[in-house]
1. Nearest 0.05, what FRET efficiency do residue 56 and residue 77 give at R0 = 25 Å with Cβ-Cβ as r?
2. At 222 nm, what value in deg cm²/dmol follows for the chain if DSSP H runs of at least 4 each add -39500 (n - 2.57) and the sum is divided by all its residues, to the nearest 500?
3. Hey, with R₀ at 45 Å, roughly what FRET efficiency would residue 114 and residue 41 work out to, going by the Cβ-Cβ distance, to 0.05?
4. If we restrict to alpha carbons, what Rg and Dmax does the stretch 2-198 come to, in Å?
5. So for each of 84-94, 58-68 I average, over its residues, the number of other beta carbons within 10 Å; can you give me the resulting order with the highest mean first?
6. Give me the one-decimal nm value for the distance between modelled label points at residue 48 and residue 147, 7 Å along each residue's Cα-to-Cβ direction.
7. How high is the FRET efficiency from residue 24 to residue 181, r the C-beta distance, R0 45 Å, rounded to 0.05?
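The numbers here are math on the coordinates, done by the rules we state, and not lab data. Computed from a predicted model, the values in this text were never measured in an experiment. Heads up, the Cβs are rebuilt from the backbone with ideal geometry, glycines too, and the neighbour counts pull from every protein chain shown.
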């Protein structure tokens with residue numbers, strides 16, 4: 001991977017929310033959360049990273065929908081010293097990225113692409129074939145590691161491999177010496193009871209994937 005520049009935490013949070021607000025699985029819940037806080041969707045679709053109040057509001061939204069800065073759901077045991085960078089990756093590198101560990105074994109994106117035929121992935125494949133340029137992937141890795149884990153963008157990564165169309169070769173990469181403590185890191189036990197519980201009501205293990 002080629003490191004392009006450093007990135008702020010606020011930038012990554014904004015991209016995370018931007019990616020999921022258009023998701024057929026997660027978008028409605030995010031929109032309802034934003035409305036419930038009395039905020040406009042412009043907070044996500046037209047972010048102003050120079051506005052600290054906006055940044056705080058996006059932290060709040062991601063906390064409610066994903067557990068960001070609350071040590072739960074997706075971000076249980078997520079380290080607080082992550083260094084973020086914008087990177088560019090190749091299709092070969094993408095194929096080796098790891099999916100999050102959901103307690104059902106560690107697989108690469110390429111292995112996931114061979115097994116995954118879910119409708120939401122097919123939707124993205126169709127979009128790519130019609131010129132869709134999705135949001136950046138979000139990756140994490142232990143400091144000194146060589147293969148990152150996808151924390152946001154599993155379906156997009158899978159669709160890139162299945163379609164052969166790498167429409168957006170950019171990602172935010174977060175590294176920390178404590179990343180192996182995060183419950184979703186490849187090689188960990190997995191999410192256990194957190195999968196489909198206390199996250200989004202009624203989600204299955206499959207639905208938990210991003």
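1. Details: r = 23 Å, r/R0 = 0.92.
For R0 = 25 Å, the calculated efficiency reads 0.60.
2. -10500 deg cm²/dmol
3. Values: r = 36 Å, r/R0 = 0.80.
According to the calculation, E is roughly 0.80.
4. 16.0, 43
5. Taking the mean over residues of other Cβ atoms within 10 Å, the ranking is 58-68, 84-94.
6. About 4.4 nm separates the two model spin labels.
7. Working: r = 32 Å, r/R0 = 0.71.
The formula returns an efficiency of 0.90 here.
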